[in-house]
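Enquirer: Mind looking over this structure? Questions follow.
The values are calculated or read from the model by the stated rules, or taken from the named source; none is laboratory data. On a predicted model such as this, the values are computed, not experimentally measured, just so you know. Note that each Cβ is placed from the backbone with ideal geometry, even for glycine, and that neighbours are counted across all protein chains shown. Ligands, DNA and RNA are excluded from the accessible area calculation, which covers all protein heavy atoms including side chains. Shrake-Rupley method; radii C 1.70, N 1.55, O 1.52, S 1.80 Å.
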There are 2 protein chains.
Amino acid sequence: MSAGVDVIVVGAGLAGLTAARRLVEAGRTVRVLEARDRVGGRTLNHVLDDGQVVEAGGQFVGPTQDHVLGLAEELGVQTFPANTLGDTVYVHGSRSRRFRGDIPPDRLALADIALATTRLGRTSGEIDVAAPWEHPDARRLDEQSLATWLRRGAIGSGGVELVEVLLGSAFGAAASETSALSALAYIAGAGDEIHRGSLDRMISVAGGAQESRFVGGSQLISQLMAEELGDDVTLGAPARRIDHHATGVTVTTDAGVFHGDQVIVAVPPHLAAEIEWSPQLPAHQDALFRRMTFGTLMKCEAVYERPFWREDGLSGQGVFRGGGQPVCSMFDNTPPSGSPGILMGFVGGAGWRTWAPRSARQRGGAVLQSFARVVGPAALAPVGYFEKDWTAERWTRGGPTAVLGPGVLTTLGRWRDRPLDSPPSTPHSSPHSRVHWAGAEHSDYWNGYMDGAVRSGQAAARAAIAHSGGLS
Amino acid sequence: MSAGVDVIVVGAGLAGLTAARRLVEAGRTVRVLEARDRVGGRTLNHVLDDGQVVEAGGQFVGPTQDHVLGLAEELGVQTFPANTLGDTVYVHGSRSRRFRGDIPPDRLALADIALATTRLGRTSGEIDVAAPWEHPDARRLDEQSLATWLRRGAIGSGGVELVEVLLGSAFGAAASETSALSALAYIAGAGDEIHRGSLDRMISVAGGAQESRFVGGSQLISQLMAEELGDDVTLGAPARRIDHHATGVTVTTDAGVFHGDQVIVAVPPHLAAEIEWSPQLPAHQDALFRRMTFGTLMKCEAVYERPFWREDGLSGQGVFRGGGQPVCSMFDNTPPSGSPGILMGFVGGAGWRTWAPRSARQRGGAVLQSFARVVGPAALAPVGYFEKDWTAERWTRGGPTAVLGPGVLTTLGRWRDRPLDSPPSTPHSSPHSRVHWAGAEHSDYWNGYMDGAVRSGQAAARAAIAHSGGLS
């Protein structure tokens, strides 16, 4: 067993590293344990042949995401605007149509989309992000899927399908799998303490959560934090067991056994439930974490000598409605230098379930066909192609975040962030009192996003400092 | 590493032991690895002070459950009828009313109940238990919760609440959490290849799945099989890792490393996904298994000198509708000798979520109050009381079975039983070809029941024998 530290941090994603960095700044000793042989969690830079990077994981930032933006600034990581010049293309059946803005020009579905977005906006505006279960209609909203809720009133299948596409890359799941209440809470969290969350801010590029990207790739933020932390980070050390006892915590990993006064667990909740806990997690928290499975999502990217679509007045953005397409939405993912040109498509939800089990060749061919529907046949001849299936990733198991099915949030949601020192039936001074949670799923605002991850890491560091009697 | 066997069986519940026994009968060598220090999985005998036993886990059997009944007969385990003499009591708000049969006498809800059961029967009758996703309306039925589906048409909240109670102890989950399609498939499986599944057979005592009990307790079946298998069963050996390679499988447990030609994994699917697989499970199967979380359920039982309620013409059965009661349904659980008298209540779904985190004393008091509503104040003075929270059980994590939320069955259901030799993109002769699945969740008929467990064990044994070139 190694010598003890003040706080062990399990998971070297944005949340864990943010927490560790804050703790070190406050004079605490830390040990960050990471299962993978790299840091960054759901952010992952892909290195191109010429040495430039492009993201294969979480990448976009936008207004009100000040926590991750502030962290990046501290670390000297700059942002640049995602490409918004030119027309976006809406692909529906055999037709491709250019449009501007974020709402596809589907005349038949337009009224439904307007109604759906209005209802989503109005109802999500009524929700307290810290306690969605307090909404007067919470039980009814939670007992139905988002698909059911959207179909109510005048919404036809067109509006439902398009809202699915718009939310699909945010959720990685079909509207059928998501509780209406939890989807509404997710939208309500697309803001901050001053600016109310909004669907528009969530799905938009300009003015929204896809507005900017990080120069050097989003993983750079984690890499720089890990560099600062130096030897305090241990890679290849998946936490298999956590013993929490009266005098501290012991974390058993494949790379050794570590002791600390406290532990911050900053891994996806459904993986936290896989750790052998002693004593066991409270049954309610375990039941919740197991139900926080991630959506199913992969990213597919094609590399071209230059972003040729820009010359045609196209933004490289595409929105795909139904029709068996693997891709639900695509973006221009060209690096800030302007070349090579890169197109990135999300294969999520129902698309993932159909296409992920097929051979890489079949899938890659279909993805390029999708791209061609947006930018023309030149998309069929990339100079490079890569994909990242986050659902097959051992230490993530899906993407981009947890999807709560109906009936879970109202009955188990209260247990999400509860540190193990305060189960209702346990006195504060119990031996359960040394475990804190972090990770993008433990944030009320921008839950599931990089900003939520940073928020949660900061909060967990404050909690650990407070617990040990220090000032935060 | 121990010497290799023909087939390693992970899990010594009814499914795993049935498989192992069949394999030994066919001349194969086996090694059964069980995480707990006992066999029987979700069946568990509680020993009373006088040495008699009563079940704290799965216990009832009935018509068409011929696989578990046949197994019991082979082992010399007899059945006896559950008590049906006397009136059942319906508790709603401040009122308690006696009735006969299985449908509570709620005049306001009666029309709704009739309509709901008719719709459930008709639609479940259209479902192919082997492929529910082939139903012409499958997508629509799967995108909504059972609660949503029940509320359609003329169903008011009375009918929904009562169907919830009737199904609650079967599912351990609220109708809000279950996909309508998966609930209908579950009902369709309450039968066999000759007798169509029916809601009536599922929820009834006389003529239904609660008709009979096993003399000596249901766990006795597993105990007798384990006795036959003798040293082939290793307890205290949770499987932490399974390597499947070209020449066999290696199972790493806390009690050593075991080698076999094949492996049958007979544990709850959501726990099978926690095993470290090398190579990893196909992402689709992993995604499905993670979504097969169990319902939340506990059993609470009170012991009395004699079953005094029988003298009052009461069956000891009770049905509770809403009102914050911890218990949703209760049964006379008296041993076949006729004494002591035992009342057993299910605390499941929403009831579990409210009552499980409270202190044992608070909960026990409330449970006895519930019992008193059915059999009178004498219930408040038991000579003994015990409870079993299956959700807190490390190697089960819920009960009685897996609950599929909306959107899962149609998109991932096909992967449930698929042995690792036949992922669509892998040739049959791949190194993935030595893993078979068993467990109550891997049966089309009586899925989640003891009969389904036995069926799945028999099927897995046949598959393993066929794989090794033998005759089944």
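Enquirer: What number goes with the only condition from (1) in a loop (DSSP other than H, G, I, E, B); (2) out of contact with any helix residue (DSSP H, G or I) (no Cβ under 7 Å at 6 or more places or on another chain); (3) basic (Lys, Arg); (4) surrounded by 15 or more Cβ atoms within 10 Å (Cβ to Cβ) that residue A:394 does not pass?
Expert: Here residue A:394 clears every test but (4).
Enquirer: If only one of B:308, B:294, B:289, B:320 is farther than 30 Å from residue B:394 by Cα, in contact (Cβ under 8 Å) with a residue 12 or more places away in the chain and out of contact with any Asp or Glu (no Cβ under 7 Å at 6 or more places or on another chain), which one is it? Before you say what the answer is, go through the steps one by one.
Expert: Details: B:294 fails: farther than 30 Å from residue B:394 by Cα; B:289 fails: farther than 30 Å from residue B:394 by Cα; B:320 fails: farther than 30 Å from residue B:394 by Cα.
Going through B:308, B:294, B:289, B:320 in turn, just one is farther than 30 Å from residue B:394 by Cα, in contact (Cβ under 8 Å) with a residue 12 or more places away in the chain and out of contact with any Asp or Glu (no Cβ under 7 Å at 6 or more places or on another chain): B:308.
Enquirer: Do we find that residue A:334 is crowded, with 24+ Cβ neighbours inside 10 Å, hydroxyl-bearing (Ser, Thr, Tyr), away from every other protein chain (no Cβ under 14 Å) and in contact with a strand residue (DSSP E or B) (Cβ under 7 Å, 6 or more places away or on another chain) in this structure?
Expert: Yes, satisfied.
Enquirer: Just to be sure before I move on: is residue B:84 in contact (Cβ under 8 Å) with a residue 12 or more places away in the chain and open to solvent by 60 Å² or more (accessible area, probe 1.4 Å) in the structure I sent?
Expert: yes
Enquirer: Condition (residue is among the hydrophobic types (A, V, I, L, M, F, W, C), modelled with pLDDT of 90 or more and more than 15 Å from residue A:266 (Cβ to Cβ)) applied to the range A:422-440: is it met by at least one residue?
Expert: No - not one qualifying residue is present in the range A:422-440.
Enquirer: I would also like to ask the following. Restricting to the range A:213-248, and then to whatever is hydroxyl-bearing (Ser, Thr, Tyr) and open to solvent by less than 20 Å² (accessible area, probe 1.4 Å), can you tell me which residue is nearest to residue A:77 (Cα to Cα)? Lay out the reasoning, then the answer.
Expert: The first filter runs over the range A:213-248 and keeps only residues hydroxyl-bearing (Ser, Thr, Tyr), leaving A:218, A:222, A:234, A:247.
Next cut, open to solvent by less than 20 Å² (accessible area, probe 1.4 Å) only: A:218, A:222.
On the way: A:218: 9, A:222: 11 Å.
Looking at residues that are hydroxyl-bearing (Ser, Thr, Tyr) and open to solvent by less than 20 Å² (accessible area, probe 1.4 Å), I get A:218.
Enquirer: Let me ask something else about it. Tell me yes or no: at least one residue of the range A:452-466 is open to solvent by 10 Å² or more (accessible area, probe 1.4 Å), in contact with an Asp or Glu (Cβ under 7 Å, 6 or more places away or on another chain) and at pLDDT 95 or above.
Expert: No: the range A:452-466 contains no residue that is open to solvent by 10 Å² or more (accessible area, probe 1.4 Å), in contact with an Asp or Glu (Cβ under 7 Å, 6 or more places away or on another chain) and at pLDDT 95 or above.
Enquirer: Can I ask one more? So how many residues does the range B:348-390 have that are facing chain A (nearest Cβ under 9 Å), open to solvent by 50 Å² or more (accessible area, probe 1.4 Å) and within 23 Å of the chain's Cα centre (by Cα)?
Expert: Going through the range B:348-390 one residue at a time, the tally reaches 2.
Enquirer: Could you list, in sequence order, the residues of the range B:207-239 that are over 26 Å from residue B:468 (Cβ atoms), in a strand (DSSP E or B) and out of contact with any Gly (no Cβ under 9 Å at 6 or more places or on another chain)?
Expert: The answer is B:213, B:214.
Enquirer: Next up: With respect to residue B:73, is the statement that it is surrounded by fewer than 22 Cβ atoms within 10 Å (Cβ to Cβ), at pLDDT 95 or above and not assigned by TED's automatic domain parsing to the domain that holds residue B:149 true?
Expert: When the stated conditions are applied, residue B:73 passes them.
Enquirer: Also, quick follow-up: From (1) more than 10 Å from chain B (Cβ to nearest Cβ); (2) touching a Gly at 6+ places or on another chain (Cβ under 7 Å), pick out the condition that doesn't hold for residue A:120.
Expert: The failed condition is (2).
Enquirer: Among the numbered criteria (1) more than 29 Å from residue B:159 (Cα to Cα); (2) within 14 Å of chain A (Cβ to nearest Cβ); (3) free of Cβ contacts under 8 Å to residues at least 60 places away in the same chain, which one does residue B:339 miss?
Expert: Here residue B:339 meets the rest and fails (2).
Enquirer: Answer with yes or no whether residue B:58 is more than 19 Å from residue B:258 (Cβ to Cβ) and in a loop (DSSP other than H, G, I, E, B).
Expert: Working: more than 19 Å from residue B:258 (Cβ to Cβ): yes; in a loop (DSSP other than H, G, I, E, B): yes.
So residue B:58 fits the description; yes.
Enquirer: For residue A:67, all conditions in the list (1) under 25 Å from residue A:303 (Cα atoms); (2) open to solvent by 50 Å² or more (accessible area, probe 1.4 Å) hold save one; what is the number of the exception?
Expert: Of (1) under 25 Å from residue A:303 (Cα atoms); (2) open to solvent by 50 Å² or more (accessible area, probe 1.4 Å), only one is false for residue A:67: (1).
Enquirer: For residues in the range B:169-206 being among the polar types (S, T, N, Q) and part of a loop (DSSP other than H, G, I, E, B), which is nearest to the other protein chains (Cβ to nearest Cβ)?
Expert: My answer is B:176.
Enquirer: Determine which member of the set A:271, A:288 is touching a Leu at 6+ places or on another chain (Cβ under 6 Å) and either open to solvent by less than 10 Å² (accessible area, probe 1.4 Å) or of a type outside the set (Gly, Ala, Ser) (or both).
Expert: Going through A:271, A:288 in turn, the sole match is A:288.
Enquirer: Right, residue B:280: open to solvent by 10 Å² or more (accessible area, probe 1.4 Å) and within 14 Å of chain A (Cβ to nearest Cβ) or not?
Expert: On the way: open to solvent by 10 Å² or more (accessible area, probe 1.4 Å): yes; within 14 Å of chain A (Cβ to nearest Cβ): yes.
Taking the combined requirement at face value, the residue satisfies it.
Enquirer: Only residues that are basic (Lys, Arg) and either open to solvent by less than 10 Å² (accessible area, probe 1.4 Å) or closer than 25 Å to residue A:390 by Cα (or both): list them for the range A:15-39, please.
Expert: A:36, A:38
Enquirer: Restricting attention to the range B:1-14, which residues are open to solvent by 10 Å² or more (accessible area, probe 1.4 Å) and part of a strand (DSSP E or B)?
Expert: The answer is B:5, B:6.
Enquirer: Under 6 Å between Cβ atoms, at least 6 apart or on separate chains: pull out the pairs that start in the range B:22-40 with a residue that is touching a residue at least 24 places away in the same chain (Cβ under 8 Å) and end on any residue that is assigned to a loop (DSSP other than H, G, I, E, B) and surrounded by 19 or more Cβ atoms within 10 Å (Cβ to Cβ).
Expert: Cβ pairs passing all conditions: B:32/B:12; B:33/B:237; B:34/B:12; B:35/B:238; B:39/B:12.
Enquirer: Starting from the range B:63-79, keep only residues that are under 13 Å from residue B:14 (Cβ atoms), then list their pairs with residues that are among the basic types (Lys, Arg) whose Cβ atoms are within a distance under 6 Å, requiring at least 6 positions of separation or different chains.
Expert: B:67/B:455
Enquirer: Select from the range A:235-277 the residues that are away from chain B (no Cβ under 14 Å) and hydroxyl-bearing (Ser, Thr, Tyr) and list them in ascending order.
Expert: A:247, A:250
Enquirer: Can you pull out the residues in the range B:249-268 that are buried (at least 20 other Cβ atoms within 10 Å of the Cβ) and not in a strand (DSSP E or B)?
Expert: B:266, B:267, B:268
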